[in-house]
Amino acid sequence: MKKWVIVATLVVVAAAGGWWWSSRDKVAEPQYRTETVDRGDISAQVSANGTLNPVTLVNVGTQVSGTVRRIYADFNQQVKAGQVLAELDPALFQAALAQSSANLANAQAQLRLAEANATRMQTLFKQEYVSRQELDQTQAAREQAMAQVRVARAQVTRDQTNLGFTVIRSPVDGTVINRQVDVGQTVAASFQTPTLFQIGKDLTQMQIDSTVSEADIGQVKVGQPVKFLVDAFPDAEYSGAVRQVRLNATTEQNVVTYNVVVDVANPDLALMPGMTANLQVLVETRPNALRVPATALRFRPQTDNGAGKQRGAAVYVLVDSNPVRVAVKTGISDKAFTEIVAGKLKPGDAVIVADLRAKKDSGGSMPRGRLF
């Protein structure tokens, strides 16, 4: 028995010695994940969506009603200013012009007769064969005949103009973006001029009409550079510049947005009207700025002894393996890094970005529901 006791004692001592030997050089697992404060470039950007449009889009309509007789322009066709795009049936307008021309000829004949009567009455009045009243009546008849001639001539001018309106011409040099009529279609110009064609004046220069939220609009200024992508060419990045920040706000479902117009060069005509652009407006750049990861500003330890209630931006550093709050003043951010403009941080300092133990505990335990 004494022999077995000695053996058992030796086994226990050996096991304890082995455990001590294996654990004496073992490093404790880190509780926090840290990142290093460094210097680098930070670019603050505002994201927005928009639609590509021609800088000048002209809606070509008609000022007279009629039936489309001929069409001379089609989609994507290059046109020049004054070029005929379409013709309306001119029969009614030609008849109206013929009638007004006849009325003018009649008025001119009446004027010649009134002038002859006035001249004759003037001679007879000098010879005292007619009274002053008769002379005044003939002169009044002549003036009325002159007025009728002017009315008839204005009617002829109006009918000639309306006849000219049956020929639809392009007002600008450009490209036909849209054609909304066909041969035989009747167009009615009553209270609103119907649109027959849409012409983009110069498609080598485009613009993006984008919507920016009211939270970001204060950072957007005229002249700021813009980078954008379109779904048609996902591997190509295009550039532009902010031309205008329009004051007219749009409210939809209690969300206020503003229209920001971006100028875009399109020399190869690859960009087409109506494309959706996902753009980034570069609002500010800080070269070689002191920066920390944005996650460090969001980190808060589980037990901070009331430090979390203090106001202002702060990060946490490790002092004797414990997180210590360091107040900082932040500048611009690019969502990955944030600029530090004031505070007791310097390049090379390690700031806490995550609590590894909290993640392990949350990942290893299953949520429990309440049973009813």
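The values are calculated or read from the model by the stated rules, or taken from the named source; none is laboratory data. For clarity, every value in this text was computed on a predicted model and none was experimentally measured. FYI the Cβ positions are ideal-geometry reconstructions off the backbone, even for glycines, and counts take in every protein chain you see.
Identify, please: which residue in the stretch 51-67 is assigned to a loop (DSSP other than H, G, I, E, B) and among the aliphatic types (A, V, I, L, M) and is, among those, surrounded by the fewest Cβ atoms within 10 Å (Cβ to Cβ)?
Val55
When you scan the stretch 224-231, do you find a residue that is out of contact with any Leu (no Cβ under 9 Å at 6 or more places or on another chain) and within 30 Å of Asp38 (Cα to Cα), even just one?
Looking for residues that are out of contact with any Leu (no Cβ under 9 Å at 6 or more places or on another chain) and within 30 Å of Asp38 (Cα to Cα), one finds none in the stretch 224-231, hence no.
Go through the stretch 206-220 and count every residue that is assigned to a strand (DSSP E or B) and of a type in the set (D, E, K, R).
Result for the stretch 206-220: 1.
Which pairs have Cβ atoms under 7 Å, sit 6 or more apart or on different chains, and link a residue in the stretch 229-253 that is at positive phi and without any contact (Cβ under 8 Å) to a residue 24 or more places away in the chain to one that is surrounded by 11 or more Cβ atoms within 10 Å (Cβ to Cβ) and acidic (Asp, Glu)?
none
Conditions tested, residue by residue: (1) at pLDDT 95 or above; (2) part of a loop (DSSP other than H, G, I, E, B); (3) over 15 Å from the mean Cα position of the chain (by Cα).
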{"site": "Val222", "(1), (2), (3)": "yes, yes, no"}
{"site": "Tyr258", "(1), (2), (3)": "yes, no, no"}
{"site": "Val261", "(1), (2), (3)": "yes, no, no"}
{"site": "Val264", "(1), (2), (3)": "yes, no, no"}
{"site": "Gly312", "(1), (2), (3)": "no, yes, yes"}
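Can you pull out the residues in the stretch 152-197 that are of a type in the set (A, V, I, L, M) and either surrounded by 13 or more Cβ atoms within 10 Å (Cβ to Cβ) or at positive phi (or both)?
Ala152, Val156, Leu163, Val167, Ile168, Val172, Val176, Ile177, Val181, Val187, Ala189, Leu196
Kindly establish whether Leu85 is within 30 Å of Gln207 (Cα to Cα), touching a residue at least 60 places away in the same chain (Cβ under 8 Å) and not small (Gly, Ala, Ser). Step through it out loud before you land on a result.
Numbers: within 30 Å of Gln207 (Cα to Cα): yes; touching a residue at least 60 places away in the same chain (Cβ under 8 Å): yes; not small (Gly, Ala, Ser): yes.
Considered against the rule, which asks whether it is within 30 Å of Gln207 (Cα to Cα), touching a residue at least 60 places away in the same chain (Cβ under 8 Å) and not small (Gly, Ala, Ser), Leu85 comes out as yes.
Name the residue, out of Val283, Val292, Val242, that is within 16 Å of the chain's Cα centre (by Cα) and not in a loop (DSSP other than H, G, I, E, B).
Only one candidate qualifies: Val242.
In this structure, is Thr119 of a type in the set (Ser, Thr, Tyr) and not assigned by TED's automatic domain parsing to the domain that holds Pro301? Full working, then the answer.
On the way: of a type in the set (Ser, Thr, Tyr): yes; not assigned by TED's automatic domain parsing to the domain that holds Pro301: yes.
When the stated conditions are applied, Thr119 passes them.
With respect to Glu87, determine if the residue is of a type in the set (Asp, Glu), surrounded by fewer than 16 Cβ atoms within 10 Å (Cβ to Cβ), out of contact with any helix residue (DSSP H, G or I) (no Cβ under 6 Å at 6 or more places or on another chain) and not in a helix (DSSP H, G or I).
No.
Within the group Val37, Val13, which residue is at pLDDT below 95, of a type in the set (A, V, I, L, M) and closer than 30 Å to Pro225 by Cβ?
Val37
Looking at (1) at pLDDT 95 or above; (2) of a type outside the set (Lys, Arg); (3) loosely packed, with under 15 Cβ neighbours inside 10 Å; (4) not in a helix (DSSP H, G or I), which is the one condition that is false for Asn106?
Unmet for Asn106, out of (1) at pLDDT 95 or above; (2) of a type outside the set (Lys, Arg); (3) loosely packed, with under 15 Cβ neighbours inside 10 Å; (4) not in a helix (DSSP H, G or I): (4).
Conditions (1) crowded, with 18+ Cβ neighbours inside 10 Å; (2) small (Gly, Ala, Ser); (3) free of Cβ contacts under 8 Å to residues at least 12 places away in the same chain, marked per residue:
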position: Asn278; (1), (2), (3): no, no, no
position: Val281; (1), (2), (3): yes, no, no
position: Pro287; (1), (2), (3): no, no, no
position: Ala296; (1), (2), (3): yes, yes, no
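From the list Thr36, Thr67, pick out the single residue that is more than 30 Å from Gln192 (Cβ to Cβ) and not assigned by TED's automatic domain parsing to the domain that holds Val262.
It is Thr36.
For residues in the stretch 188-205 being among the aliphatic types (A, V, I, L, M) and in a loop (DSSP other than H, G, I, E, B), which is nearest to Ala81 (Cα to Cα)? Walk me through it before giving the result.
Our first condition is that a residue be among the aliphatic types (A, V, I, L, M); within the stretch 188-205, this holds for 188-189, 196, 199, 203.
Pick out the ones that are also in a loop (DSSP other than H, G, I, E, B) and you get 188-189, 203.
Numbers: Ala188: 24, Ala189: 23, Leu203: 15 Å.
So the residue we want is Leu203.
Kindly indicate whether any position in the stretch 123-134 is aromatic (Phe, Trp, Tyr) and more than 55 Å from the chain's Cα centre (by Cα).
Yes; the residues of the stretch 123-134 include at least one that is aromatic (Phe, Trp, Tyr) and more than 55 Å from the chain's Cα centre (by Cα).
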